[in-house]
Amino acid sequence: MIRKQVKLGDLLVKEGIISKEDLLKALKKQQEYASKGIYKKLGEILLELGIVSEKEILEALSKQLNIPFIDIFGEEINYDFLNKYPYNILEKHLILPFKSDEDFIYVATADPLDYDVLDMIERMSTKPIKIVIALSRDIRAALERLKIYISTNELIKKVKKELKEGSGENISAVEELLDLILQMSIKKRATDIHIEPLRHNIMIRARIDGVLKEIFSFDKEIYYPLVSKIKLLANMNISEKRKPQDGRFSRNYKNHIYDFRVSTVPSLHGETVVIRILDQQKILLRLTELGMSEYNLNRFETVIHHSPYGIIFVTGPTGSGKTTTLYAALNEVKGIDKKIITIEDPVEYEIPLIQQIPINEKIGITFASTLRSVLRQDPDVIMIGEVRDKDTLDAAIQASLTGHLVLATLHTNDAASTITRMVQMGAQSYLVSDSLIGVVAQRLIRRICPYCKTIYNPSKEELELIKPFLKEKIVFYKGSGCKECDFTGYLGREMISEVLIINEKISHLIALGKDKQEIVKVAKEYGFVTLVEDGIQKLKEGITTIKEILRVVKVDVF
């Protein structure tokens, strides 16, 4: 192998990616590590200090060395071939011999200057190697797939064998495989399972702490019997593959009853299946357990306990915990002296002392029509799973104006936008003013793993984005990744929120049709704390990271 001498620091300075001052700072840090007997490469130091991103380093090396920089997920990886190499070596050096042709074996690496490792891989190979460059996180993900491939190889062989002998949806190995997927997802604390057919294979991802992570990858021939089995369990039409379908089924794992809500949608390479995991015994039903800051919690409790009528909206994107917040609020106000009715699509969790009505639009049971009927049931409190249209909104407003406390969800980016959204949906400003009493906007952010929590230096871009909110110098933390957090650096989730209380002054502004900015300005005079400010407080407390705040809050909010 031809070895090219490249000085990474000089190259990055030459390309204008870092300054000479940045290079000197990194070299000084490298010397500090060396004095303690710790050897770290310059690239590692630059990444640690937040001076440069891995992609910038690799693009510069790709250009200098004339080695292609590829997206590993755009390549067809031959796992049978990859499995011929020792896994511990591939994992230690983050190197990926992912395919071969008549002339070469193609090897992806995040460090094309590590010639000793590349020579070792070439000695293990039967042909000359051709090097390509890929991001280390992508190589790590591909190696995770290999680990899954190794661990499930025997089961997959069993499925393939039984496929040749009998009906796909009834074979025992498919049942065993589905159980493995469900139990693995539950063990990893997943809320959703995504089964996605690709051109060459089937990818199974789980949403863990709000972020998708690949947990399985199988050959395409496994896809059809697996999906058929799921549809059969969920009482769906197995032969219908062109239309979206919904269903659900239950399973008992370790004396826990889990409900699985299934949704299928046709895609380019087959039906995409999403399974929502609902654990009836783990639903949070106490407001104090939601992770809301004490300040915002007190504001929210004030609204729900001291308002006999009016509308309270909980807003945020899908998966931000809106329904859980509503359930917790209902649990706070419920009692033998109150009639509480919910209208949901679907009913996710059963709550004692509350009458819960599931929506079924196929037979005409909609939010709006059901709400009108519910008003004749003499309720004190009504919960509406989601206000989707003008009819439902009008019915909710009328319910609130006739002496009912209405709790509902709405999709808006922040609390103040709820007012604008209600008007856009057709509500008159004066009716919004009279009916709306409070809005909670929320997001779920990942908590830094306590087992691998460490101090770090954010990048210049990150610091620039949050600079207006940092009045004092703070210490930044992140998770370095460990077995406890599955090497993500995060473990569990925390809520960030903003609670807008509609007092007389704000109500007057709404009636006059004032814009969002003016309403927020006045709300701040009465103690309103925005989503970003609440997130920054969690940052100061060392609970989360800048990246996590930026992931859940739009940058233009800054």
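The values are calculated or read from the model by the stated rules, or taken from the named source; none is laboratory data. Quantities reported herein were computed from a predicted structural model and do not represent experimental measurements. When we count neighbours, we look across all protein chains shown, and the Cβ atoms used for this are built from the backbone with ideal geometry, even at glycine. When the accessible area is computed, the model is the full protein with side chains, heavy atoms only, and any ligands, DNA or RNA have been set aside. Shrake-Rupley method; radii C 1.70, N 1.55, O 1.52, S 1.80 Å.
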Problem - Residue within region 272-279 that is closer than 29 Å to Ile397 by Cβ and either in a helix (DSSP H, G or I) or aliphatic (A, V, I, L, M) (or both) present - result: no
Handout entry: Residue within region 59-75 that is in contact with a Ser or Thr (Cβ under 9 Å, 6 or more places away or on another chain), at pLDDT 90 or above and open to solvent by 50 Å² or more (accessible area, probe 1.4 Å) present
Key = yes
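Residues being assigned to a strand (DSSP E or B) and either under 21 Å from Thr409 (Cβ atoms) or of a type in the set (Phe, Trp, Tyr) (or both): count how many of those fall in region 433-451. Steps first, answer last, please.
At the first step, the residues of region 433-451 found to be assigned to a strand (DSSP E or B) are 436-448.
With either under 21 Å from Thr409 (Cβ atoms) or of a type in the set (Phe, Trp, Tyr) (or both) added as a condition, the list becomes 436-445.
Here the count works out to 10.
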Completion exercise
Reported set for region 231-248 where residues are open to solvent by 90 Å² or more (accessible area, probe 1.4 Å), under 13 Å from Val273 (Cβ atoms) and either free of Cβ contacts under 8 Å to residues at least 12 places away in the same chain or among the charged types (D, E, K, R) (or both) is Lys241, Asp246
Exercise for the section: Considering (1) outside any strand (DSSP E or B); (2) open to solvent by 10 Å² or more (accessible area, probe 1.4 Å); (3) under 30 Å from Ile215 (Cα atoms), say which one Gly542 fails and leave the rest. Expected result: (2)
Practice task
Could you please find all residues in region 436-488 being free of Cβ contacts under 8 Å to residues at least 60 places away in the same chain and among the basic types (Lys, Arg)?
Solution key: Lys467, Lys471, Lys473, Lys483
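Among the residues in region 452-475, are any surrounded by 22 or more Cβ atoms within 10 Å (Cβ to Cβ) and at pLDDT below 95?
So in region 452-475, the residues surrounded by 22 or more Cβ atoms within 10 Å (Cβ to Cβ) come out as none.
No - not one qualifying residue is present in region 452-475.
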Practice task
Pairs only if they're at least six apart or on different chains, beta carbon under 6 angstrom, first in region 80-99 and without any contact (Cβ under 8 Å) to a residue 40 or more places away in the chain and assigned to a helix (DSSP H, G or I), second surrounded by 20 or more Cβ atoms within 10 Å (Cβ to Cβ) and among the hydroxyl-bearing types (Ser, Thr, Tyr); list them, first residue then second.
Solution key: none
Exercise for the section: Could you grab the pairs with beta carbons closer than 6 Å, sequence gap of 6+ or different chains, first residue in region 133-162 and without any contact (Cβ under 8 Å) to a residue 40 or more places away in the chain, second one assigned to a helix (DSSP H, G or I) and surrounded by fewer than 18 Cβ atoms within 10 Å (Cβ to Cβ)? Expected result: none
Fill in the blank from the handout: Selection from region 516-533 of residues open to solvent by 50 Å² or more (accessible area, probe 1.4 Å) and more than 21 Å from Ser293 (Cβ to Cβ) yields Lys516, Gln517, Glu518, Lys521
Practice task
Report yes if some residue within region 493-515 is more than 16 Å from Ser433 (Cβ to Cβ) and open to solvent by 30 Å² or more (accessible area, probe 1.4 Å); otherwise report no.
Solution key: yes
Problem - region 390-417 residues that are free of Cβ contacts under 8 Å to residues at least 60 places away in the same chain, paired with ones that are among the polar types (S, T, N, Q) and assigned to a loop (DSSP other than H, G, I, E, B) (beta carbon under 9 Å, 6 or more apart) - result: Asp391/Thr366; Thr392/Thr366
Fill in the blank from the handout: Taking first residues from region 351-364 that are touching a residue at least 12 places away in the same chain (Cβ under 8 Å) and second residues anywhere that are open to solvent by 100 Å² or more (accessible area, probe 1.4 Å), the pairs with Cβ under 9 Å that are 6 or more apart or on different chains are Leu353/Ile336; Gln355/Gln377; Gln356/Glu350
Handout entry: Residue within region 160-175 that is open to solvent by less than 40 Å² (accessible area, probe 1.4 Å) and within 24 Å of the chain's Cα centre (by Cα) present
Key = no
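Are any residues in region 225-270 of a type in the set (Lys, Arg) and either under 24 Å from Asp345 (Cα atoms) or in a loop (DSSP other than H, G, I, E, B) (or both), and if so, which ones? Can you show your working first?
Initial filter on region 225-270 (of a type in the set (Lys, Arg)): 229, 231, 241-243, 248, 251, 254, 261.
Result: Lys231, Lys241, Arg242, Lys243, Arg248, Arg251, Lys254, Arg261.
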